[in-house]
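Written below as structure tokens is the structure these notes are about.
The values are calculated or read from the model by the stated rules, or taken from the named source; none is laboratory data. Just so it is clear, the structure is predicted and the values come from calculations on it, not from any experiment. Keep in mind that these areas ignore ligands, DNA and RNA; they rest on the heavy atoms of the full protein, side chains included. Shrake-Rupley method; radii C 1.70, N 1.55, O 1.52, S 1.80 Å.
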Amino acid sequence: GKKNGFNLQMTPHGGLRVDDEEKSALVGALVRIGDNLREGSEMKSNTWYLFAGADAEAVTYTPNSVRKLTSGDFHLQDRIIIGDAQAGVGYRLGDADLALTYFKRQATAENYSYDEDAAALSITWKR
């Protein structure tokens, strides 16, 4: 975004994890719209911004461990999709951010569905 005035920033992200018992792929993005946002993650003090972000993760389980079978922890779930979304407003005061955020998470699988949402007021301070 430009150095002074109204700006729009988008930060995409992704990830891949593979181990013996699960594989997952994650994609998402965070968008910030605000006053005097700077290039990168640094922002001017005493500025406001709106933000929205979303992630989608696909997880595949392949529990093939003998320990899982013998301990009773075995639960077979082929695939699960997890979606997170958040939106809010923030204000930068010096080295601290004050944010009011709404968060929603949904997970679905073949015979399973989970849905939760919450709101939070947070203060983040960089040292």
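When ILE81, ILE33 are compared by accessible area of protein heavy atoms, the largest-first order is ILE81, ILE33, using a 1.4 Å probe. Note on ASP20: accessible area is roughly 130 Å² with a 1.4 Å probe, heavy atoms of protein only.
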